[in-house]
1. For the chain, find the longest principal axis of its Cα atoms and tell me its angle to the long axis of helix 8-20, 0 to 90°, nearest 10.
2. Bins of 10 Å, beginning at zero and ending with the bin holding the largest distance: percent of Cα pairs per bin for the chain, please.
3. To test your reading of the geometry: what angle, between 0 and 90 degrees and rounded to tens, separates the Cα axis of helix 26-40 from the longest principal axis of the chain?
4. Please give the helix 46-63 orientation as an angle from the longest Cα principal axis of the chain, in degrees from 0 to 90, rounded to the nearest 10.
5. Using a simple charge model, +1 on the beta-carbon of Lys and Arg, -1 on the beta-carbon of Asp and Glu, nothing else, what dipole does the chain show about its Cα centre, in debye to the nearest 20?
6. Leaving ligands, DNA and RNA out of it, report the carbon-plus-sulfur percent of the accessible area of region 12-55 at a 1.4 Å probe.
Amino acid sequence: YARVGLGDWAAYLVGWLYWYFWVGVLAYEAVLGGETLHTWLPALPSWAWSLILIAIFVGTNVISVRTFGEVEFWLASIKVV
């Protein structure tokens, strides 16, 4: 859609931003989430929690868009409450 609406430069930029999200931001969230869960439940080391979280993140996104939307809705609701 970026290519159709804004041209090739926008499609190139959106592609790299998408890659950055999956490689950088998702890994960062998994590490911080692993540290948080390790603080709450110290039975597992933080790297194990990080791997579990990354598997959940990727699994949720791979299943379907609807599943991803549902998970995001419920997690956002928990955060707001």
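The values are calculated or read from the model by the stated rules, or taken from the named source; none is laboratory data. As the structure is a computational prediction, the values presented were derived from the model and not from experiment. Cβ coordinates were reconstructed from backbone atoms using ideal geometry, including for glycine residues, and neighbour counts include every protein chain displayed. Protein only, heavy atoms only, side chains kept; ligands, DNA and RNA dropped before computing areas. Shrake-Rupley method; radii C 1.70, N 1.55, O 1.52, S 1.80 Å.
1. 10
2. The distribution over the chain is 17, 32, 34, 13, 4, 0, given as percents.
3. Once rounded, the angle reads 20 degrees.
4. Tilt relative to the chain: about 40 degrees.
5. Numbers: 3 positive and 5 negative charges, 21 e Å.
That gives the chain a dipole magnitude of about 100 debye.
6. Numbers: 2640 of 3300 Å².
Its accessible area is 80 percent carbon and sulfur atoms.
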